[in-house]
Each structure stands twice: as C-alpha cells, then as structure tokens.
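Worksheet for the structure shown next.
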Amino acid sequence: MTAQDRVQDLNQQAWDHAVDRGDNPYTHIVSSARVAAARRGDWSLTVSEQRPVPRHWLEPLAGARVLCLASGGGQQAPILAAAGAAVTVVDLSSRQLDQDRFVADRDGLEITTMQADMADLSALPDQGFDLLINPVSTLFVPDLTPVWAECHRVLVDGGALISGFLNPDEFVFDSEALDDHGVFVVKNPLPHSEIDSLSPEARQRRRQENGTFHFSHTMETQIGGVIAAGFTIDGFYEDRRTEADGNPIRHFMPSVFVMRARKV
C-alpha cells in the first residue's frame with residue numbers, strides 16, 4: 001500500500017465517522033421541503049460555504065447527465081435530481097453515499113451512487129456526462145493531476161466542470177494556534193501537506209480523533225492544472241467561511257474559490 005493509499009483510507013474513515021457523529025454540516029442531508037421546491041423549479045446549489053452557484057452555470061438541468069464528484073452527503077445530488085438531471089454521485093466515503101441513498105429513497109429520486117477515489121473514475125465511460133459538480137474536496141487529495149485528467153475524460157466536449165477549492169493561503173497559518181486560540185501564526189511553507197508536516201504525535205492524535213488530513217496545493221495546480229488538462233475557465237467567484245464556522249479568518253480573506261471550466 002502506498003502512502004497516498006494510506007492517506008485516502010484515513011480520510012475515508014474520517015468521513016464515515018463524521019456521518020455517524022452528525023456534527024459536520026457537510027454530512028447533513030437536504031430536507032424534503034427543499035427537494036419538493038427543486039421539483040417546482042425553486043432551487044439553489046452550493047459547492048462552497050455560502051454563495052450559491054449562479055443558476056446559468058448549471059442550466060439547463062432537465063435531462064442533463066450530471067456527475068457529482070466527491071459530493072456525497074445528500075446535499076447536491078438530490079437537488080440536481082429533483083431539478084430533472086440524471087445524477088451519478090461518486091464519493092470515497094460509503095457513509096456519505098448512504099446519505100444520498102437515504103434521500104433518494106425518502107423522496108422518490110433516482111440517484112446512482114458509486115464509491116471511488118476521485119482520481120480514479122475508470123468505472124465511468126468516456127464522455128458520459130454533460131456537467132460535473134465538485135464541491136470543496138481537492139484538499140483531501142495528494143495529487144490533482146489525475147483528478148483533472150479524469151474530469152476531462154468523462155465530460156463531453158463542451159461539458160462544464162464546476163469546482164470549489166480551499167484558498168491555499170489558509171495553510172500558511174498554524175492550525176492549532178488558530179483553532180485553539182484564534183491567533184494567526186505564520187508557520188507553514190506552501191504547498192503544505194499535513195501528513196508530512198505534522199509531528200508523529202500530532203498525526204496519531206488526528207487519527208484517534210478521526211480527523212482528515214489535508215493538502216494545500218497551489219493556485220498553479222488548482223487553476224493551472226485544470227487548464228493543462230484541456231479546460232478553458234469561463235467563470236470564477238470567491239466565498240468566505242460562515243460565522244457559525246468560528247474561524248476568524250473570514251474577516252480577512254476569502255476561504256473558498258469556485259470556478260467553472262469548459263472542456264475544449
């Protein structure tokens with residue numbers, strides 16, 4: 001087993017535990033009321049913290065083949081399915097996929113689920129999707145090159161990728177000082193890998209607490225990597241952490257970027 005495989009296993013287990021704990025907002029399923037509203041055409045979709053994706057980035061949805069990548073949790077896929085799309089959701093966490101299956105059963109939706117690493121979509125056909133939705137998740141993957149290559153492969157020509165990703169600059173700060181004391185301490189050179197930089201004691205504590213391991217990446221690998229894979233970026237916006245998040249960084253800079261890219 002490679003180091004990358006071990007990290008992915010740890011992150012998978014962490015997300016499974018997050019669903020069971022119920023304290024992570026990204027594991028909370030949408031309500032039946034929101035699904036019913038989406039069926040009436042009253043819907044919005046978020047892949048970041050607060051700002052919804054512009055509707056014209058997504059429409060038309062009726063009959064569109066949509067891949068929700070690293071998007072389990074019963075949030076994006078049910079809304080898209082209720083709005084008329086044929087939805088497949090891929091996630092590394094089986095428990096996150098259970099959330100989508102629960103909503104589909106509860107509200108009579110057709111959603112296909114598949115457990116897989118976002119860097120390996122070999123079970124999916126070439127050019128099988130018109131639209132690909134990727135909420136903030138690339139921070140859990142050590143190498144983005146195969147991710148963008150797979151996104152390009154499974155999209156039709158002219159298909160759109162909508163991806164949210166964490167601002168890499170957040171990783172320059174000492175996470176423990178920020179989380180525990182709200183103090184900004186510049187500590188980490190970028191790009192930053194927690195699996196490499198944390199002390200053995202801190203890594204063990206992270207495992208015991210069922211926490212995820214993160215990779216900062218760079219703007220070059222996030223945006224430049226998408227361009228290098230064969231996309232043209234035609235939309236971009238910023239978002240900030242919510243007040244409920246408790247992280248004071250929201251007062252100083254955006255934490256999430258969202259881009260739309262077209263396969264060319």
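Derivation of every value follows stated rules applied to the coordinates shown; laboratory data play no part. In this text the structure is predicted, and so the values were computed from the model without any measurement. Neighbour counts run over all protein chains shown; Cβ positions are idealised from the backbone, glycine included.
See the values below:
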quantity	calculated
Taking the chain and dividing mean pair separation by its residue count, relative contact order in percent (alpha carbons under 8 Å, at least six apart)	19
Net lengthening on full extension, ASP174/GLN13 (0.36 nm per residue, minus Cα-Cα)	55.5 nm
Karplus (6.51, -1.76, 1.60) ³J(HN,Hα), θ = phi - 60°, over the stretch 238-252, in Hz, Gly and Pro reported as x	10, 9, 10, 4, 6, 4, 5, 4, x, 7, x, 4, 4, 7, 10
Helical mean residue ellipticity (222 nm; -39500 (n - 2.57) per DSSP H run of 4+; nearest 500) of the chain	-9000 deg cm²/dmol
Peptides 139-146, 10-17, 199-206 ordered by average Cβ neighbours within 10 Å, highest first	10-17, 139-146, 199-206
Considering only the chain, percent of DSSP beta bridges that pair antiparallel, nearest 5	50
Viscosity 0.692 mPa s, temperature 37 °C, Stokes-Einstein D of the stretch 1-51 from Kirkwood C-alpha radius, µm²/s	241
Förster-model FRET efficiency, 35 Å R0, ASP196 and ALA116, C-beta, rounded to 0.05	0.90
Options [x] 0.98; [y] 1.94; [z] 0.90 - which one matches Cα Rg over 2.2 N^0.38 Å as calculated here	[x]
Exposure proxy order (Cβ contacts within 10 Å, fewest to most) of ARG207, ARG250	ARG207, ARG250
Positive-end residue, the chain charge dipole about Cα centroid, Cβ charges, pick of ALA70, GLY41, ALA177	GLY41
Dipole of the chain, positive end: most advanced residue of GLN13, ILE195, PHE129 [Cβ charges, Cα centre]	PHE129
Magnitude of the charge dipole, the chain, Cβ model with Lys/Arg +1 and Asp/Glu -1, debye to 20	600
Reciprocal of mean inverse Cα separation for the stretch 35-88 (Kirkwood radius, Å)	11.2
Per DSSP, loop trypsin sites (Lys or Arg not before Pro) in the stretch 1-99 with at most 10 further Cβ within 10 Å	ARG40
Tail weight of P(r) past 17 Å, computed on alpha-carbon pairs of the stretch 129-260, percent	63
Mean projected area in nm² (Cα convex hull; one quarter of hull surface) for the stretch 24-155	7.4
